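Working notes for the structure below.
The values are calculated or read from the model by the stated rules, or taken from the named source; none is laboratory data. Quick caveat: nothing in here was measured; it's all calculated off a predicted structure. For neighbour counting, all protein chains shown are included, and Cβ atoms are generated from backbone atoms with ideal geometry for every residue, glycine included.
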Amino acid sequence: MQSLEFSVWVRFALYATFAVGSSVLVLKSSAQSVFSSDPLKGTLCGLILALTALATFHFGRDASCRRNSRVVLVLGGMLGHLGVIRLVMGFTGEVPGQDVFRFLLLPFALAPMLHSVLLGRSIGGFSAVYVSLIGSLLVPEGDVLSYLILSLISGMTGVLVTTQVSKRVQLLKAGLLVGGVTLLLGLILGRLDLGSVFGPGMMNHLQTIGLESAAAFGTSIATALVVGGLLPVFEGMFQLTTGISWLELSDLNHKLLRRMQLEAPGTFHHSLIVAALAEAAAESIGANAQLCRVCAYFHDVGKLKKPEYFIENQHDGAENPHDSLTPTMSALVIIAHVKDGVDLAVKHKLNPRIIDVIQEHHGDSLVFFFYRKAQEQKKAELEKVEKGLGNPEDLPHVEEKNFRYPGPKPRSAESGIIALADSIESASRSLRKPTPAKIRGMIDDIVKARIDDGQLDDCALTIRELSKVKESFANTLRSMLHSRIDYPKDDDSKSGQASRRSDTQKLVVPSPLDRDSTRGGRSLRTDAAA
């Protein structure tokens, strides 16, 4: 299957299918189209437009459409859209005096909206342009200009208002807006005549206008409902995740996240902060912020297997289980949380992108603390051997590869952002009296270390984007790490009590579910997040 996804022969077979399908639709419409007197010329014109669309798509397609399954989605969606246009024109063409209703019943935004939500604005715009051009060959000769204008503007409106859809109700709002645009264009183009309302038979004209308005809005709303209904099907078929699905996945009541709150509260708090950092950074460079937020929630889910071995879940005064392990064994336990996380994610059928981030957020980086500890132990044992106090065979074997995560390195911008946010959040907990300069210096050091170690080589983040990401991290951390002022108390109330420190730190974490629903934030003490 993987070979078929990227096969050139399969791709060109799909291109040929689209070109032939478009030509057949034009030929079937030739009796009423602009080329009714010469069907062959009309078919040839349809073929040329289809080939132009294919050339534009092939040489200008975006990275999301390199898979042949995505080619099927784009070209199949456009063919389906043209097929619906042909059906509507065929049915309404048989009813005399229905020229206005014919146009108002056409789903101009069907393919553009579907492609915009699933694949982004550029593919949605491409779809809007070429279903308009090819579709103009399916309508009667006198309607070509009106169809082009209505289809292009309504389709582009659908694209513009559905690019950042994160709730299903936004699709209905988009449908209403497209309906309004269609109705307005119908008035401008003379498809609806409001002037006749004030003449004889006013009530009949008002009734007609009402029916035409209902047709425009009804068709657009029906289009939005169809798009909303098709999204889950296409997401499953083509392994896509829309903003709507990411929002649904961000529910903190997920079984794994509930377990984390109870069994590994420190890791859970850490994940919330990483999510806030990563989401803001992704927004700063136009990456998928919702994906970053959801993946950050789950990136450390593997720590559920042995939560007590991770510092953020260890309470003050509690015994550290690593004290009874060798550095090599400790490193193995720490490294294993990646594999354990993948196993849990697969078991709970999490989104493939979440699984990718779980695998990639440490790349093949070094567990430096235990690697250094192992080297120090080896050095101490070597000194004993040199003094004749130890056995050379007892020297520990320390290899760097045994202290590195298995990888792979982050392979997307979002994965790279989460990897950086994870490291930066962990390091920020060790800052004492954080200042903007200290915060920025820490961020610069961590990002430089990641670059020097090659951890960001495969994630397609440019230097300019990294600069914006660092600035976003700094801004977010500055808003999280600040000092609480210790206000003086009355002498009576202070008697017998120890004075509080004035530099007590506090973390303020924006609500991870919906920024619009909460204007404040949730405060977490540093000792709880550590």
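Observations, loosely collected:
- Checked against the criteria, G243 counts as closer than 30 Å to E279 by Cβ and at pLDDT 85 or above.
- The set of residues in segment 311-326 being crowded, with 18+ Cβ neighbours inside 10 Å and without any contact (Cβ under 8 Å) to a residue 60 or more places away in the chain consists of N313, H322.
Per-residue answers, yes or no, for (1) basic (K, R); (2) under 15 Å from I358 (Cα atoms); (3) out of contact with any Leu (no Cβ under 6 Å at 6 or more places or on another chain):
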position	(1), (2), (3)
A224	no, no, no
Q239	no, no, yes
L256	no, yes, yes
S284	no, no, yes
H299	no, yes, yes
P307	no, no, yes
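- Only one of the numbered conditions (1) without any contact (Cβ under 8 Å) to a residue 40 or more places away in the chain; (2) within 30 Å of A275 (Cα to Cα); (3) assigned to a loop (DSSP other than H, G, I, E, B) is violated by D364, and that is (1).
- Residue ID - nearest to the chain's Cα centre (by Cα), chosen from residues in segment 150-170 that are buried (at least 24 other Cβ atoms within 10 Å of the Cβ) and under 14 Å from V227 (Cα atoms): T162
- Scanning segment 247-271 for residues that are in contact (Cβ under 8 Å) with a residue 24 or more places away in the chain, among the aliphatic types (A, V, I, L, M) and surrounded by fewer than 24 Cβ atoms within 10 Å (Cβ to Cβ) turns up L247, L249, L252, L256, L257, A264.
- Restricting segment 18-39 to residues that are within 12 Å of G83 (Cα to Cα), free of Cβ contacts under 8 Å to residues at least 60 places away in the same chain and in contact with a Ser or Thr (Cβ under 9 Å, 6 or more places away or on another chain) leaves a set whose member that is surrounded by the fewest Cβ atoms within 10 Å (Cβ to Cβ) is V24.
- Segment 56-107 - residue that is within 21 Å of Y130 (Cβ to Cβ), assigned to a loop (DSSP other than H, G, I, E, B) and out of contact with any helix residue (DSSP H, G or I) (no Cβ under 7 Å at 6 or more places or on another chain) and, of those, modelled with the lowest pLDDT: R61
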